[in-house]
1. Which whole-number value in Å² is the accessible area per residue of region 1-61, probe 1.4 Å?
2. Would you mind telling me the share, in percent, of accessible area of the chain contributed by carbon and sulfur at probe 1.4 angstrom?
3. Within region 22-38, whose backbone N sits under 15 Å from a point 7 Å along Cα→Cβ of Glu6?
4. If a/c stays under 1.5 just call it rounded; otherwise compare a/b with b/c (prolate if a/b is bigger, oblate if not). Do that for region 1-46, with a ≥ b ≥ c from the square roots of the Cα gyration tensor eigenvalues.
5. Can you list the residues, at least 5 places off or on another chain, whose amide H is less than 5 Å from the amide H of Gly17, using H built in the peptide plane?
6. Could you derive backbone 3J(HN,Hα) for region 38-53 from the dihedral phi with the Karplus parameters 6.51, -1.76 and 1.60 (θ = phi - 60°), listing whole Hz in sequence and x where the residue is Gly or Pro?
7. Please list the non-local residues whose amide H lies under 5 Å from the amide H of Asp26, H modeled 1.01 Å from N, same-chain partners needing a gap of 5 or more.
8. Dipole size in debye (nearest 20) for the chain around its Cα centre, Lys and Arg Cβ +1, Asp and Glu Cβ -1?
Amino acid sequence: MPHVIERAPTGRAKCRGCSQAIAKGDLRFGERIPNVFADAEGAESTLWFHLRCAACKRPESLLPTLQEATEPISDRVWLEREANLGLAH
């Protein structure tokens, strides 16, 4: 499954970038990775990030997901600029 940008259904997930809770209703970035502990073949886990944290910590994963996102993202320009800056360095 590809990476995802979605609204947090609860406030329980913590950002893997800053370790702070992702508030209910906030947009978040989910990076899908293989789950090595699962019994099922091809099982995945999702690492959740605030969008701003993902722009700084996971720019290579965030940029393609941002381009495919259909939901309006208020700070899309900033996110794209920071992610591109991170890729350049």
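1. 63
2. Reported share for carbon and sulfur atoms: 51 percent.
3. Within reach of a label on Glu6: 24-33.
4. Prolate shape, in that a/c is at least 1.5 and a/b is the bigger ratio.
5. Correct list: His50.
6. Values, residue by residue: 7, 6, 6, 5, x, 5, 10, 10, 10, 9, 9, 9, 4, 4, 5, 5 Hz.
7. Here the answer is Ala8, since their amide H atoms fall under 5 Å of that of Asp26.
8. 420
The values are calculated or read from the model by the stated rules, or taken from the named source; none is laboratory data. These numbers come from a predicted model, not from an experiment. Neighbour counts run over all protein chains shown; Cβ positions are idealised from the backbone, glycine included. Accessible surface areas use protein heavy atoms only, side chains included; no ligands, DNA or RNA. Shrake-Rupley method; radii C 1.70, N 1.55, O 1.52, S 1.80 Å.
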